[in-house]
There are 2 protein chains.
Amino acid sequence: MEKLKHAIQDDYDDSYSWCYGCGRLNEDGLHLRTGWDEDNEGNTITIYEPRKEHKAIPGFIYGGLLASLIDCHGTGSASIFLHRKNGYEPGDGKDAPRFVTASLKVNFLRPTPEGVPLKAIGVVEEIHPKKFRVTTEVYADGKVVVTGVVTAVVMPDTFIEDNK
Amino acid sequence: MEKLKHAIQDDYDDSYSWCYGCGRLNEDGLHLRTGWDEDNEGNTITIYEPRKEHKAIPGFIYGGLLASLIDCHGTGSASIFLHRKNGYEPGDGKDAPRFVTASLKVNFLRPTPEGVPLKAIGVVEEIHPKKFRVTTEVYADGKVVVTGVVTAVVMPDTFIEDNK
C-alpha cells in the first residue's frame with residue numbers, strides 16, 4: 001500500500017499524539033496519516049486500508065470507520081494547511097498545530113467495498129484564522145464512495161484545563 | 001453499567017449482524033445495543049462505555065467513536081421504530097428491519113470525558129416509509145456533549161448483489 005513519507009501527524013507534539021484515529025502513540029489506534037497529495041497540488045491525502053473487522057455487512061466497510069477517516073483527515077488537513085501558512089512543512093521538525101473537530105458531515109454515496117485501500121482527498125478553506133473547513137472525497141477502487149465536510153478549530157492551549 | 005434487556009440488534013438476521021459498530025457476531029466490534037428508553041416514552045437509547053484506547057487526547061473521547069455511536073444508534077433507532085410500526089417489539093423473535101446510513105451529521109458541543117458511560121438518546125421521524133431521520137443527543141455525566149442527525153434508509157434486499 002502507498003505510504004506517505006511525511007505526515008502532519010508525525011509532527012504533532014507527543015501530548016497530542018494519543019488520538020485513536022491518528023495518534024502515533026495510540027497502540028490500538030488506526031494510525032491515520034495525512035500529507036500533501038503529490039498528484040494534486042494543494043490537496044491533502046490520507047490513505048487507509050481498513051482492518052478485516054471494519055465491516056458494515058460482509059463485503060462492505062462500516063460507516064463509523066469512514067466517519068473516523070473523514071474526521072482525522074479533516075483535522076490533519078487543517079493542520080498541514082495552517083502549518084504551511086506559518087512557513088513549515090511536515091518533516092521540518094517543527095510542532096504542527098493541533099485541531100479539534102467542531103462538526104462533521106458525512107454523505108454515504110454508495111457502499112464502500114472491503115479489501116482495497118481508501119484514499120481521502122481533501123480541500124481546505126480558511127473560514128477564520130483559527131477555523132478551517134475541509135471538504136473530503138473518499139475513493140475506493142477509483143470511485144468516490146463517500147464525501148464529508150469537517151469544520152476544524154485550533155485547539156486552545158487551555159483545552160485540557162478548561163474542560164476538567 | 002446499565003444494560004438494556006432487549007436491543008433491536010439482537011433481532012437482526014445473522015447475515016446482517018457483522019457490523020463493527022453494532023453487530024453481535026463481530027468479535028472485535030463495539031457491540032452497540034439500542035432499545036426503547038424506559039425513562040422517556042418513544043425515545044430510543046444506546047449506552048456505551050468507550051474502551052481506554054478511544055481517546056482524542058488524554059481525558060477526552062475520540063470524535064470518530066462518537067460518530068460511530070451516533071451512526072449505529074441512528075440505524076438501530078430507525079429499525080426499532082419501524083419494527084414497532086410493523087407490530088413488533090425487540091425480543092418478539094421476529095427479524096428486525098436493517099437500515100443503512102445515507103448521511104450523518106455530528107456537532108461536537110463540548111469535549112466528552114473519558115471514564116463514564118455515554119448515553120445516546122434518539123427521536124425518530126418518518127420522512128418516507130423507507131427513510132427515517134434520527135436526531136440524537138449524547139450525554140456524559142448528565143451533560144449533552146454531542147448531537148447528531150442520521151438519515152437512515154431501509155437496506156434493499158438486493159443491497160449486496162447490486163453493489164458487487
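Quick notes on this one:
- From B:A56, B:A96, residue being surrounded by 17 or more Cβ atoms within 10 Å (Cβ to Cβ) and more than 15 Å from the chain's Cα centre (by Cα): B:A56
- Every residue from the range B:39-71 that is closer than 18 Å to A:L65 by Cα, hydrophobic (A, V, I, L, M, F, W, C) and more than 7 Å from every other protein chain (Cβ to nearest Cβ): B:I61, B:L66, B:L69, B:I70
- Sole residue being facing chain A (nearest Cβ under 9 Å), buried (at least 16 other Cβ atoms within 10 Å of the Cβ) and of a type in the set (G, A, S), chosen from B:G74, B:G35, B:G23: B:G23
- Every residue from the range A:1-20 that is over 16 Å from B:G59 (Cα atoms), crowded, with 21+ Cβ neighbours inside 10 Å and among the hydrophobic types (A, V, I, L, M, F, W, C): A:A7, A:I8
- With respect to (1) part of a strand (DSSP E or B); (2) over 30 Å from B:S15 (Cα atoms); (3) small (G, A, S), the lone exception for B:G115 is condition (1).
- Residue in the range A:79-92 that is within 9 Å of chain B (Cβ to nearest Cβ) and polar (S, T, N, Q) present: no
- Of A:T136, A:T112, A:T151, A:T101, all but one fail to be within 14 Å of chain B (Cβ to nearest Cβ), out of contact with any Leu (no Cβ under 9 Å at 6 or more places or on another chain), surrounded by 19 or more Cβ atoms within 10 Å (Cβ to Cβ) and of a type in the set (S, T, Y); the exception is A:T101.
Quick note: the coordinates plus some simple rules give every number you see, no bench work behind them. For clarity, every value in this text was computed on a predicted model and none was experimentally measured. Backbone-built Cβ (ideal geometry, glycine too); neighbour counts: all protein chains shown.
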